[in-house]
Amino acid sequence: MQSLILLRLLQLASPSLPIGAYTYSQGLESAIEKGTVFNESSAREWIAESISIVADFEAPIAWRLLKAFSTRDAEQVAYWTESFVAARDTAEFRAETIQMGYSLGKLITDLNVADESLKVILTNQSEVPLPTAFACAAVALGIPHEAALLGMLFSLVENQVLVCVKSVPLGQVSGQSLLLSLHPEIEHAAHHAQQLEDDVLSNWAPGLSLLSMQHETQYSRVYRS
């Protein structure tokens, strides 16, 4: 990968990206509250399972969005954007992706990194979830699809690890050990997402959905999901 493209990928996947990812736990705070996640081993089990859920739905949709933005296929962008938003099965999960998608979309506009055709497709969406904004940004920055998908998955996993470091809590070394150990799962998820046909995509995860709904009324909360 060219140095400039690598730098752009690192910036897009960075936790310092101002889209508010650090304010969300994606149900993990509820799992910590209930004692399901309580040490490095249980944290790894939780995150590995989360990756497999993402690999069956969010990642393959992001893959399709990357291809659609590359070919400026507005119809496909709209279809997969609407499909993803419709599949958010709790209020918090829906609010999370819309808020981060909006923030990243605004950042794309403010930085003026996208050409006019990409801007038109993005702004024509009634709602912009995170995978749509991420795919648009990756295409605008000229990041190869495979690298962009890995970057998206890594940023999701890194955020989950940071939640565990702060809230289980785990030590910094444990957090880095956990993140390093999950690299094979990230690589597998990216490969898996590229192979799935449209009719097998699934976000079926009832346990996670219940935890997300319970988080809405959890007595003590640090995260927004």
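The values are calculated or read from the model by the stated rules, or taken from the named source; none is laboratory data. Keep in mind the model is a prediction, meaning the values are calculated, not measured. Virtual Cβ from ideal backbone geometry, glycine too; neighbours counted across all protein chains shown.
Among the candidates THR109, THR81, THR71, single out the residue that is under 22 Å from LEU150 (Cβ atoms), among the β-branched types (Val, Ile, Thr) and in contact with a Leu (Cβ under 9 Å, 6 or more places away or on another chain).
THR81
Just checking, which of ALA74, ALA59, ALA78 is under 24 Å from LEU141 (Cβ atoms) and over 19 Å from the mean Cα position of the chain (by Cα)? Before the answer, list the steps.
On the way: ALA59 fails: over 19 Å from the mean Cα position of the chain (by Cα); ALA78 fails: over 19 Å from the mean Cα position of the chain (by Cα).
Just one listed residue meets the conditions, ALA74.
For segment 166-184, does any single residue satisfy the condition of being in contact with a Leu (Cβ under 8 Å, 6 or more places away or on another chain), surrounded by 15 or more Cβ atoms within 10 Å (Cβ to Cβ) and within 18 Å of PRO131 (Cβ to Cβ)?
no
Within segment 146-202, count every residue that is under 25 Å from GLY101 (Cβ atoms), of a type in the set (Gly, Ala, Ser) and in a helix (DSSP H, G or I).
Result for segment 146-202: 8.
It is to be established whether one or more residues within segment 73-96 are under 18 Å from PRO18 (Cβ atoms) and at pLDDT 95 or above. Give the steps one after another, and end with the answer.
Taking segment 73-96 as the starting set, the residues that turn out to be under 18 Å from PRO18 (Cβ atoms) are 95-96.
Still in the list and also at pLDDT 95 or above: 95-96.
Among the residues of segment 73-96, at least one is under 18 Å from PRO18 (Cβ atoms) and at pLDDT 95 or above, which makes the answer yes.
Which of the residues belonging to segment 125-145 are under 17 Å from MET100 (Cα atoms) and not in a helix (DSSP H, G or I)? Spell out how you get there, then give the answer.
First, pick out the residues of segment 125-145 that are under 17 Å from MET100 (Cα atoms): 125-138.
Passing the criteria: GLN125, SER126, GLU127, VAL128, PRO129.
Looking at segment 186-204, is at least one residue aliphatic (A, V, I, L, M), farther than 17 Å from ILE61 by Cα, touching a residue at least 12 places away in the same chain (Cβ under 8 Å) and surrounded by 11 or more Cβ atoms within 10 Å (Cβ to Cβ)?
Kept after step one, since they are aliphatic (A, V, I, L, M), are these residues of segment 186-204: 186, 189-190, 193, 196, 200-201.
In the following step, the residues that additionally are farther than 17 Å from ILE61 by Cα were identified as none.
Scanning segment 186-204, I find no residue that is aliphatic (A, V, I, L, M), farther than 17 Å from ILE61 by Cα, touching a residue at least 12 places away in the same chain (Cβ under 8 Å) and surrounded by 11 or more Cβ atoms within 10 Å (Cβ to Cβ), so the answer is no.
Just give me the residues in segment 203-225 being part of a loop (DSSP other than H, G, I, E, B) and under 26 Å from TRP80 (Cβ atoms), in sequence order.
Taking segment 203-225 and keeping what is part of a loop (DSSP other than H, G, I, E, B), we get 203-205, 216-225.
Selection gives ASN203, TRP204, ALA205, ARG224, SER225.
Just checking, how many residues over segment 104-129 are out of contact with any Lys or Arg (no Cβ under 7 Å at 6 or more places or on another chain), among the polar types (S, T, N, Q) and either crowded, with 17+ Cβ neighbours inside 10 Å or under 15 Å from SER70 (Cβ atoms) (or both)?
1
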